[in-house]
1. What is the distance in Å between the Cα centres of the stretch A:172-233 and the stretch A:1-48?
2. My understanding is that a pair violates if its Cα-Cα distance is over 24 Å; which of B:39/B:203; B:385/B:453; A:123/B:34; B:367/B:453; B:34/B:467 do that in this structure?
3. Between residue A:307 and residue B:287, take the C-beta separation as r, use R0 = 30 Å, and let me know the FRET efficiency to the nearest 0.05.
4. Give the shape of chain B as rounded, prolate or oblate, defined through the alpha-carbon gyration tensor: a ≥ b ≥ c are the square roots of its eigenvalues, a/c under 1.5 means rounded, and otherwise the shape is prolate if a/b is larger than b/c and oblate if not.
5. Of the DSSP beta bridges with both residues in chain B, give the percent that are antiparallel, rounding to the nearest 5.
6. Step through the residues of the stretch B:12-26 one at a time and calculate ³J(HN,Hα) from phi using the Karplus curve (6.51 cos²θ - 1.76 cosθ + 1.60, θ = phi - 60°), rounding each to whole Hz and writing x for Gly and Pro.
7. Given axes a ≥ b ≥ c from the Cα gyration tensor, I'd like to know whether chain A is rounded (a/c under 1.5), prolate (a/b larger than b/c) or oblate.
8. Of A:239, A:15, A:217, which is farthest on the positive side of the dipole of chain A, counting Cα position, with +1 on Lys and Arg Cβ, -1 on Asp and Glu Cβ, and the Cα centre as origin?
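Read-outs throughout are calculated quantities, based only on the coordinates presented, and are distinct from any laboratory measurement. Note that this is a predicted model, so its numbers are computed, not measured. Note that each Cβ is placed from the backbone with ideal geometry, even for glycine, and that neighbours are counted across all protein chains shown.
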Amino acid sequence: MLGKTANGLFWMYRYLERAENVSRLVETGQRIALTRSGESDEDWQSVLQSAGVTAGFHDHYDAVTKDTVIDWMLRAKGNPSSVLNCIGGARQNARLVRTALTGEVWEGTNAIYMGARDMLARKVGERDLPNILRRIRQQTALVRGATHGTMLRNDIYDFCRIGTFLERADNTTRILDVKYYVLLPSVMAVGTDLDNVQWETILRSVSARGGFRMEFGNQFEPRDIASFLILDRRFPRSLGFCVDKLRSNMEFLGREYGNFPRAHGMVVDMSERHLSRDIDEIFDYGLHEFVQETLNCLGALGQQIEIDYRFYE
Amino acid sequence: MDDEPIFDEMLGRDDRIRAPYAKFKDWFDGEEPKRLRDKQREAEELFRLTGITFNVYGRAEAEERLIPFDIVPRIISNGEWQRLSRGIEQRVRAINAFLHDIYHRQEIVKAGKLPAQMIDRNEAFLPEMIGVDPPGNIYTHIVGIDLVRTDDDRFYVLEDNARTPSGVSYMLENRETMLQMFPELFSQNRVQSVQNYPSHLRKSLAACAPQGLSGRPAVAVLTPGIYNSAYFEHAFLADQMGVELVEGHDLRIVDGRVAMRTTQGYKQIDVLYRRVDDEFLDPLNFNPDSALGVPGIMDVYRAGRITIANAPGTGIADDKAIYSYIPDIVQFYTGERPLLENVPTWRCSEPDSLAYVLDNLSELVVKEVHGSGGYGMLIGPTATKKDIAEFRKKLTARPGNYIAQPTLSLSTVPIFNRAGLTPRHVDLRPFVLVSPDGIRITPGGLTRVALKKGSLVVNSSQGGGTKDTWVLED
């Protein structure tokens with residue numbers, strides 16, 4: 001496979017994943033704003049931060065409000081991670097690697113793009129928002145399904161998966177980075193209403209509410225939430241799950257190519273050293289330090305993959 | 001000429017259904033127009049979803065547009081096709097012999113059949129190719145011959161495309177769309193298949209690989225990139241052939257071979273189906289600013305260690321100034337009378353012809369020798385006085401830059417629109433593959449249709465559409 005193709009696949013799936021994550025954060029923000037008495041724009045500030053899209057916002061808007069944040073995150077040209085830009089980026093990369101994709105995957109990706117271009121052509125009104133977000137999620141799910149159901153399990157597939165899980169791990173970790181302080185142990189045995197809102201927000205931002213409830217019932221404990229998001233291998237957006245997937249896909253690649261490059265060693269190290277702690281050890285170590293270190297590891301891993309697989313010259 | 005009705009391929013000149021269209025017309029008459037309109041929309045949706053678009057040059061945003069597709073097929077009988085393909089094969093054979101000759105001994109010039117200046121002063125002539133022997137001695141691996149029709153048995157060659165002819169993906173996708181939308185038509189009519197084109201293309205390219213390779217030749221398609229107007233086709237063909245789609249920056253010369261950068265290091269390429277123009281192919285040998293090509297590829301080529309398809313320098317054969325000599329060229333290299341006719345052509349470089357052309361501008365089509373895509377031409381009968389006056393100035397200033405042809409009364413094939421079946425002018429581009437194993441012509445080709453009433457311009461960049469083209473079995 002061409003290095004350029006590996007690069008294109010990697011970014012196509014990163015962008016698809018990112019489009020989905022950003023729209024989920026918008027959905028969470030909207031949901032919290034609607035159900036909470038005394039809406040405050042601080043919540044939207046926090047949504048911006050969770051998505052990591054604060055940079056540049058204030059060049060385009062005067063104030064952080066519901067309308068400006070939603071517009072920025074969904075459709076702003078100036079925001080490289082707006083849903084529309086992510087979908088455009090995914091489709092652009094898909095065009096670049098068209099020969100590596102099955103017809104179904106390509107058509108699915110093209111359909112998301114055509115749909116998003118129409119739906120997000122103008123400012124999105126409150127009434128249309130839920131429907132638009134749902135459709136974006138459905139369509140990205142469709143591409144994921146077509147990927148599972150039609151693509152050969154070869155190096156092409158491995159790069160799709162590596163892009164997906166690197167982006168997802170990054171997303172979950174970034175949310176922890178912004179919100180770690182609400183998960184720190186508190187002297188109070190039971191959380192305040194404000195705490196409860198914060199915890200629910202975190203779970204919703206990674207589609208973890210249902211899964212968490214199955215495991216822990218309706219009792220939100222910050223320690224359980226942190227453990228679920230970081231270590232629970234059954235939860236497909238947990239850091240542990242994503243790193244396991246990165247590791248197994250890099251191992252498939254290594255076996256197919258008969259060569260395990262440096263990036264492989266890095267992911268093994270993340271899985272065996274960094275993520276081998278239990279949640280108490282992580283809290284003892286310092287949740288914030290742990291999260292920071294994770295972000296650094298993921299960044300370095302991404303760069304090493306580019307080098308090892310000759311994405312660029 | 002005006003009083004004679006135009007030849008319609010479905011209805012002839014006298015509104016009697018011609019045989020190849022009989023079954024289609026029966027089917028059509030039994031269909032609800034509304035259902036057909038829905039189908040037409042459905043086809044458009046299919047094209048949009050599969051991304052069969054072309055990019056329009058010179059627009060601010062890289063706009064992707066659909067080429068309009070008309071659901072009425074253009075139907076050719078097997079007999080008509082046999083005659084045509086014999087003529088095409090003869091012409092393509094002659095073009096290859098011509099290319100070999102002018103890059104070697106130039107016998108045709110010595111024999112006085114072609115003025116030396118047609119070669120020496122021609123921008124399309126590539127001195128770097130002199131004395132080079134392409135692998136398998138093939139110059140034009142892929143050719144598209146543009147044909148027009150004026151009558152039951154009269155076809156003319158409008159243009160030979162010997163560089164990088166495009167449009168074959170539309171031929172394939174148009175058929176695919178028709179098969180999906182109207183499967184019953186293909187049970188009622190026995191239509192010769194075109195779907196094997198990509199595998200024939202791959203075989204044909206592989207057969208032209210350099211000598212002495214161990215193992216299967218590695219083939220790749222070279223594209224200028226995703227912003228090129230024909231990118232869809234480049235990706236489509238690479239995908240259908242199961243070969244890599246590469247850009248210049250994926251390639252470099254490694255150990256005297258062209259190699260592509262893969263996830264596991266550099267891998268050798270033996271045959272490059274390039275969709276990049278000559279001048280951009282090699283910044284070391286041609287345009288030094290080109291970022292689309294591969295520095296040094298011409299040196300590898302001259303050493304016989306890669307096949308470039310089509311060979312560099314083939315543009316000399318489809319140059320519009322050379323075009324008028326093609327009947328002589330066919331005669332010279334095959335020793336046979338040309339089976340396909342040229343459109344009569346005045347070379348404005350010749351004073352007598354120029355005088356005639358200037359006197360008859362309002363009745364002629366005048367084309368730039370190096371132009372393409374229907375730009376820079378004058379269509380006398382539909383031009384305004386002002387257009388003609390302006391063109392006259394350009395023509396007098398650089399007569400050698402132009403040729404002129406009579407406006408032929410081009411055949412029509414109906415399209416389906418609100419008024420039902422409505423005649424529109426068409427042309428036809430069959431696709432020809434050339435290898436040491438022989439010449440293969442895919443039955444049919446790309447039919448382009450001028451969607452505007454009375455218009456003779458079929459180019460997609462100027463509002464033309466396409467049709468599925470059927471060649472019936474006997």
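1. So the two Cα centres are separated by 18 Å.
2. B:39/B:203; A:123/B:34
3. 0.40
4. oblate
5. Of those bridges, close to 75 percent are antiparallel.
6. x, 9, 10, 6, 10, 4, 6, 3, x, 9, 4, 5, 4, 5, 4
7. oblate
8. A:15
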